[in-house]
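Some notes on the structure that comes next.
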């Protein structure tokens with residue numbers, strides 16, 4: 001469609017007739033992301049509040065549909081790039097997210113960590129280096145004062161504020177570790193997400209890992225506290241949950257993203273944003289390969 005035709009369609013959005021604008025809206029939506037700059041330019045030049053509101057809704061709808069489509073594709077391809085999944089979700093709230101800037105921030109932390117690592121280090125020593133760089137040098141910590149804030153689940157916010165919830169800090173911890181060939185992966189412990197250090201002699205398969213592959217566990221929310229299987233046993237008794245295998249073994253990146261969305265749903269429920277909750281459930285369904293993934297959430 002020619003730009004002049006697109007502009008003509010957009011100009012009709014000021015028509016008070018809902019039936020007419022509904023038809024126009026569908027036509028504009030079919031044009032996809034390419035029409036967004038024209039919509040933004042028209043919004044800036046418009047003096048009609050109704051037209052501006054409809055343009056805002058159109059831009060949001062186009063961006064939202066794109067995120068849902070990309071998340072679904074990411075999951076279909078195996079969700080192997082955890083950072084990409086986290087950035088895709090962050091674009092729900094921050095559609096103009098600067099991915100290059102975000103990656104550069106992580107690369108800086110990675111470089112600082114790499115300088116302190118050595119092939120001679122043991123697994124525990126490598127984790128101590130990670131903890132020192134991430135929590136002492138760069139100052140990351142758990143957001144205990146505003147635990148349920150939605151900002152804690154958007155990776156760009158967490159990198160900027162250096163505060164997050166158990167899952168967002170675990171995502172950064174895993175991304176950093178794996179980029180340095182350190183076998184650290186997420187563990188879907190109920191109510192409090194953690195990570196584990198795997199046997200370095202094997203690559204992680206797509207299927208579940210046996211318990212004897214896990215060396216130890218790390219809690220990024222508590223500045224990298226290291227603990228063992230017995231501590232998980234005690235925690236599960238405390239929260240009155242049976243000791244299922246999934247609470248001890250690595251989970252997939254897709255599981256991590258489903259839970260991250262669940263955390264956002266819980267946060268927006270507390271703040272009273274029903275439209276966001278509805279949209280997030282759509283995004284969550286775009287990730288699902290089966291109905292059993294919708295679980296978890298960091299409640300306390």
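Every number here is computed from the coordinates shown, using simple stated rules; none is lab data. Predicted model, so just to flag it, every value in this text is computed and none were measured. Glycine also receives a Cβ, built like all others from the backbone with ideal geometry; neighbour counts cover every protein chain displayed.
Go ahead and set up a Gaussian network model of the chain, Cα springs under 10 Å, then flag whichever of 266, 13, 88 fluctuates most.
13
Using only Cα atoms, what Kirkwood radius does the range 89-148 have, in angstroms?
Working: mean 1/r = 0.0730 Å⁻¹.
One decimal place: 13.7 Å for the Kirkwood radius.
Relative to the longest principal Cα axis of the chain, at what angle does helix 18-29 sit, 0 to 90 degrees, rounded to 10?
50
Please list the three semi-axes, largest first and in whole Å, of the ellipsoid equivalent to the range 84-208, using sqrt of 5 times the eigenvalues of its alpha carbon gyration tensor. All intermediate terms of the calculation are to be shown ahead of the outcome.
Working: eigenvalues 112, 58, 45 Å².
Working from the Cα gyration tensor, I get semi-axes of 24, 17, 15 Å.
Quick check: pseudo-label points 7 Å beyond the Cα along Cα→Cβ at residue 115 and residue 178, how many nm apart are they?
In this crude label model, residue 115 to residue 178 measures out at 2.6 nm.
Which residue fluctuates the most in the chain, going by a Gaussian network model with Cα springs under 10 Å, if the choices are 143, 33, 253?
33
Rounded to two decimals, what is Rg over Rh for the range 28-135 when you use alpha-carbon atoms and the Kirkwood radius? Walk me through the intermediate numbers first.
Numbers: Rg = 20.6 Å, Rh = 17.2 Å.
Here Rg/Rh amounts to 1.20.
What is the spin-label model distance, in nm, from residue 271 to residue 227 if the labels are put 7 Å beyond Cα along the C-beta direction?
For residue 271 paired with residue 227, the spin-label model returns 2.9 nm.
So for 76, 122, fewest C-beta neighbours within 10 Å to most, what's the order? Walk me through the intermediate numbers first.
On the way: 76 12, 122 9.
So the residues, fewest neighbours to most, are 122, 76.
Once a ≥ b ≥ c are taken as the square roots of the eigenvalues of the Cα gyration tensor of the range 4-44, is the result rounded (a/c under 1.5), prolate (a/b larger than b/c) or oblate (a/b not larger than b/c)?
On the way: a/c = 2.07, a/b = 1.39, b/c = 1.49.
Note, shape of the range 4-44 comes out oblate.
For the chain, evaluate the Debye formula with one uniform point scatterer on each Cα (no solvent term) and list log10 I(q)/I(0) at q = 0.14 Å⁻¹, rounded to two decimals.
Computed log10 I(q)/I(0) values: -1.03.
Just check the range 228-271 against the gyration tensor rule for me: Cα atoms, a ≥ b ≥ c as the square roots of the eigenvalues, rounded for a/c under 1.5, and otherwise prolate or oblate depending on whether a/b exceeds b/c.
Because a/c hits 1.5 or more and a/b fails to exceed b/c, the range 228-271 counts as oblate.
Could I have the simple spin-label model distance between residue 145 and residue 161, label points 7 Å from Cα toward Cβ, reported in nm to one decimal?
1.1
At a 10 Å Cβ-Cβ cut-off, how would you order 23, 138, 192, fewest neighbours first? Walk me through the numbers before you get to the answer.
Working: 23 12, 138 16, 192 19.
Ascending Cβ contact count within 10 Å gives the list 23, 138, 192.
If each residue's Cβ is checked for other Cβ atoms within 10 Å, how do 31, 198, 89 rank with the fewest at the top? Spell out each step's value before the answer.
Numbers: 31 16, 198 21, 89 24.
The most exposed by this proxy come first: 31, 198, 89.
Please identify, among 97, 134, 260, the residue showing maximal mean-square fluctuation in a Gaussian network model of the chain using a 10 angstrom Cα cutoff.
Result: 97 has the largest fluctuation of those listed.
For a test of the definition: using alpha carbon positions, the gyration tensor, and the 1.5 limit on a/c, classify the range 130-177 as rounded, prolate or oblate.
Details: a/c = 1.93, a/b = 1.48, b/c = 1.30.
Prolate.
What share of the DSSP beta bridges in the chain is antiparallel, in percent to the nearest 5? List each step's numbers first, then the result.
Details: 12 of 14 bridges.
Given both bridge residues lie in the chain, the antiparallel proportion sits at roughly 85 percent.
Between the helical axis of 82-93 and the dominant principal axis of the chain, each derived from Cα atoms, what acute angle in degrees is found, rounded to the nearest 10?
The answer is roughly 40 degrees.
Give the Cα extents of the range 3-76 along the principal axes, in whole Å, largest first.
Principal-axis extents of the range 3-76 (Cα, largest first): 42, 24, 21 Å.
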